[in-house]
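The values are calculated or read from the model by the stated rules, or taken from the named source; none is laboratory data. Given the structure is predicted, the values throughout are model-derived calculations rather than measurements. Cβ sites come from the backbone with ideal geometry, for glycine too, and all protein chains shown count toward neighbours.
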């Protein structure tokens, strides 16, 4: 008999287990089912940098948080409503985030003396009453899975055990009435080469689903109705995938070949891998010997008339600054993507931070202006990549595009773009004219110099890192010329056409929240919370960090107080205070986690 | 379209050459400019890329496309250009500090990949532009500004290093030996893939006389010939045999009284750019971007 169905408007689930337990896969599948069920959603995969930390240990815990709702949401959720803990270590590291009264599902089979000891438990929390404040569902997931698979030929005990994540997925799929066909198809495809493993995983999935239906441990089933999103066709996308496709789109829109120079680095590597698959688009990917060669090769490709791109994270980007400086003075197009992660040095490779802003703005020798923009959401990475390429090509300049570890791996429903509706990127190479060719003559509007690529007869010329005479580009040590060239390079970047800053204003608000980059979701969600309880607050989210929108100073000065929340020690804060002489205040955290909407709301409340 | 026959003067840029009077670089520049017409390639399809150092000023003096880049990085920059523009003839000009110290990593990887670039390594065994510090090819005991008691660094053997890196073409020439240098340039240009040419070059300011034993005495110059014994070394040269090339690269004037010039190794291997292009040509898929962004599980709202 069907169980009663309770309506919910939003749910946050966190799957947590050992790195080898397949939590990312489980979370990813649940996300797909949820997307196909029509909910709005946001995800936050949170995993260690170690590929397989010792089994059962605290550092080896891998988590995947998913927030889904019947309305438009912006973040993966501050705290889970439901925690699925596959072992004691996962329980230990995640329980602090579960509010009292939250639902807790644990695999009792994993609560062995050995595992409890590894997680630092003196006694089993399942027995000592310490979980009394939660709705605990203690389920022997592993033994139920192994028992269900015992009749499938060719599956070892170990393989049967490993299917326990599919049991958990099946159970959760029942609990929230998820669409299951896509997972069935997924399992069949993924294990096509090993039919017995496919059968085992399908069986584990359906057994978990039926366990929910029949077990008395679960009295109700929940339903989250589809969300009302703008009409159109959707898919899920991660920031790194969207960014990769944005680069391919920029190549198509400009008619230039895409060349990516990259060196493997977390969390940027998946851009290299995605673009390496896109050879049908003429994409050339070059896995270089180091970060320096990666950007060097990209600049060489740009010199030859390609769209040269390099992708990395902070510890790699810092190595590229020498070549970016060369690109500044050569005035050639180049896109440098920094998928920011927690620093300094190696820092926390899989955790997000926004602390590279001042590095990309100022981290070069000499007066070396570079445009900088930042993506706001995973899906926005697509458009930000096109924008970065558009400016690099139009102004013949290196451009920094900032993403972060949260956007890189997080997903959201993405309204699939109509490629034929994207604006083309006009690129014109220099052609031989009548007079002498002047490699550093400038377009009066953009101040861009001509892009004369090798192979063009009559335009043979030399460029280099030494200071160049205005117009001729010949080596020059003339004092006034250096001053002039420095000003011209600065004016060119300062004059880049950037859209006016839009403000999500609220009538009567005298507090403005100014954010940038990957914190868009949590900050906007925090602002909505304040408004929901009657607070008046405005929100502006910056795409361009250099140059700033021309009206930004006016925007900032039109509010009594300005709050700048950042996942750093106050970098944009410093810039706007210095530039606009406004007494802006910071809200700064570097925990390796995205902001919670709740803490943003609290920070705003303190100013109201 | 009929190509106008080019001459040496057509490869001279309008820039004043600013090396020290008497520098070996002048002779190399003249030899390269003299050889270029023979290539039969229009000037606009030739690119010279350099790093930093005295040698790195070379592109400014060539009436071709050129880039004077940053210290040690020329092979990396040239790789991006060569891979995206297989129609160009790409040359790298570098020195012993540029190629073997700060840029050592880029050099060995360009060679192992067999990128279609020609690398001219001007080896004067000294840092000239920074006024005379020892370089990675300076001998032990070398007294310089930064080694007042003599260098304790053991030097690189550039040819052995290139061979070890898997180079498919390795040669050596002498700055003032125009026929010998031209012959090597001809072979390097004809080679498909990466070519490393070490050019002994005299720095008359900071390391004068380093190669006098063969610069001053033409009879002391010994040239490699494929299939022939080198001098009285007992080694019969085989350009396709690694061990032979490696053995010949070990010979030194001081220890063996003979220092081979010419082509040490020349073997065919698919170039990196050809292999990359072949993958693009054979790539599956339609190149339909709308299909790509619409792939996977999708759903419709509204």
field: Residue that is farthest from residue A:408 (Cα to Cα), among those in segment A:1-46 that are within 14 Å of chain B (Cβ to nearest Cβ) and part of a strand (DSSP E or B)
entry: A:40
query: Do the conditions hold for residue A:265, that is, is it more than 10 Å from chain B (Cβ to nearest Cβ), in contact with a helix residue (DSSP H, G or I) (Cβ under 8 Å, 6 or more places away or on another chain) and surrounded by fewer than 24 Cβ atoms within 10 Å (Cβ to Cβ)?
result: yes
- prompt: Mind checking which residues of segment B:285-295 are facing chain A (nearest Cβ under 7 Å) and either surrounded by 12 or more Cβ atoms within 10 Å (Cβ to Cβ) or in a helix (DSSP H, G or I) (or both)?
  reply: B:285, B:287, B:289, B:290, B:292, B:293, B:294
- line: Those residues of segment A:77-90 which are assigned to a helix (DSSP H, G or I) and either touching a residue at least 60 places away in the same chain (Cβ under 8 Å) or surrounded by fewer than 24 Cβ atoms within 10 Å (Cβ to Cβ) (or both) amount to A:89, A:90
message: Out of everything in segment B:232-255 that is surrounded by fewer than 16 Cβ atoms within 10 Å (Cβ to Cβ) and in contact (Cβ under 8 Å) with a residue 24 or more places away in the chain, what residue ends up being farthest from residue B:265 (Cα to Cα)?
response: B:253
field: Selection count where residues are buried (at least 24 other Cβ atoms within 10 Å of the Cβ) and at the interface with another protein chain (Cβ under 8 Å from one of its Cβ atoms), scope segment A:305-325
entry: 3
query: Yes or no: residue A:211 in contact (Cβ under 8 Å) with a residue 60 or more places away in the chain and closer than 30 Å to residue A:139 by Cβ?
result: yes
query: Is it the case that some residue within segment A:273-286 is touching a residue at least 24 places away in the same chain (Cβ under 8 Å), under 17 Å from residue A:396 (Cβ atoms), part of a helix (DSSP H, G or I) and within 11 Å of chain B (Cβ to nearest Cβ)?
result: no
message: Condition check: closer than 22 Å to residue A:425 by Cβ, more than 14 Å from chain B (Cβ to nearest Cβ) and either crowded, with 20+ Cβ neighbours inside 10 Å or free of Cβ contacts under 8 Å to residues at least 24 places away in the same chain (or both). Does residue A:328 satisfy that?
response: no
message: Taking the criterion of being touching a helix residue (DSSP H, G or I) at 6+ places or on another chain (Cβ under 9 Å), in a loop (DSSP other than H, G, I, E, B) and within 14 Å of chain A (Cβ to nearest Cβ), would at least one residue in segment B:275-284 satisfy it?
response: yes
- request: Of the conditions (1) modelled with pLDDT under 95; (2) in a helix (DSSP H, G or I); (3) within 14 Å of chain A (Cβ to nearest Cβ), residue B:300 clears all except one; give me its number.
  value: (2)
field: Filtered residues of segment A:472-508 (kept if surrounded by 14 or more Cβ atoms within 10 Å (Cβ to Cβ) and at positive phi)
entry: A:473
message: Can you say whether residue A:320 is touching a strand residue (DSSP E or B) at 6+ places or on another chain (Cβ under 9 Å), more than 25 Å from residue A:368 (Cβ to Cβ) and modelled with pLDDT of 95 or more, as far as the supplied structure shows?
response: no
query: Do you know which residues across segment B:210-230 are in contact with a helix residue (DSSP H, G or I) (Cβ under 9 Å, 6 or more places away or on another chain), crowded, with 16+ Cβ neighbours inside 10 Å and not in a strand (DSSP E or B)?
result: B:211, B:214, B:221, B:224, B:230
- prompt: Would you call residue A:506 in contact with a helix residue (DSSP H, G or I) (Cβ under 6 Å, 6 or more places away or on another chain) and either more than 14 Å from every other protein chain (Cβ to nearest Cβ) or assigned to a helix (DSSP H, G or I) (or both)?
  reply: no
query: Are any residues in segment A:453-502 outside any loop (DSSP other than H, G, I, E, B) and within 14 Å of another protein chain (Cβ to nearest Cβ), and if so, which ones?
result: A:462, A:463, A:464, A:468, A:475
- prompt: Which of the strands (runs of 3 or more DSSP E) contained wholly in segment B:19-135 include at least 2 residues that are within 16 Å of residue A:463 (Cα to Cα) and in contact with a strand residue (DSSP E or B) (Cβ under 8 Å, 6 or more places away or on another chain)?
  reply: B:46-50, B:65-68, B:89-95
- prompt: residue A:292 fails exactly one of the following numbered conditions: (1) at the interface with chain B (Cβ under 8 Å from one of its Cβ atoms); (2) over 20 Å from residue A:384 (Cα atoms); (3) touching a strand residue (DSSP E or B) at 6+ places or on another chain (Cβ under 9 Å). What is the number of that condition?
  reply: (3)
statement: Note on residue A:466: of the conditions (1) under 30 Å from residue A:230 (Cα atoms); (2) touching a strand residue (DSSP E or B) at 6+ places or on another chain (Cβ under 6 Å); (3) free of Cβ contacts under 8 Å to residues at least 24 places away in the same chain, unmet is (1)
- prompt: Here are some residues: A:215, A:251. Which one is more than 13 Å from chain B (Cβ to nearest Cβ) and farther than 25 Å from residue A:67 by Cα?
  reply: A:215
- prompt: Filter segment A:221-235 for residues that are under 18 Å from residue A:11 (Cα atoms) and touching a strand residue (DSSP E or B) at 6+ places or on another chain (Cβ under 6 Å); which is nearest to the other protein chains (Cβ to nearest Cβ)?
  reply: A:229
query: Across segment B:64-99, what is the total count of residues that are surrounded by fewer than 24 Cβ atoms within 10 Å (Cβ to Cβ) and either more than 7 Å from every other protein chain (Cβ to nearest Cβ) or closer than 22 Å to residue B:265 by Cβ (or both)?
result: 3
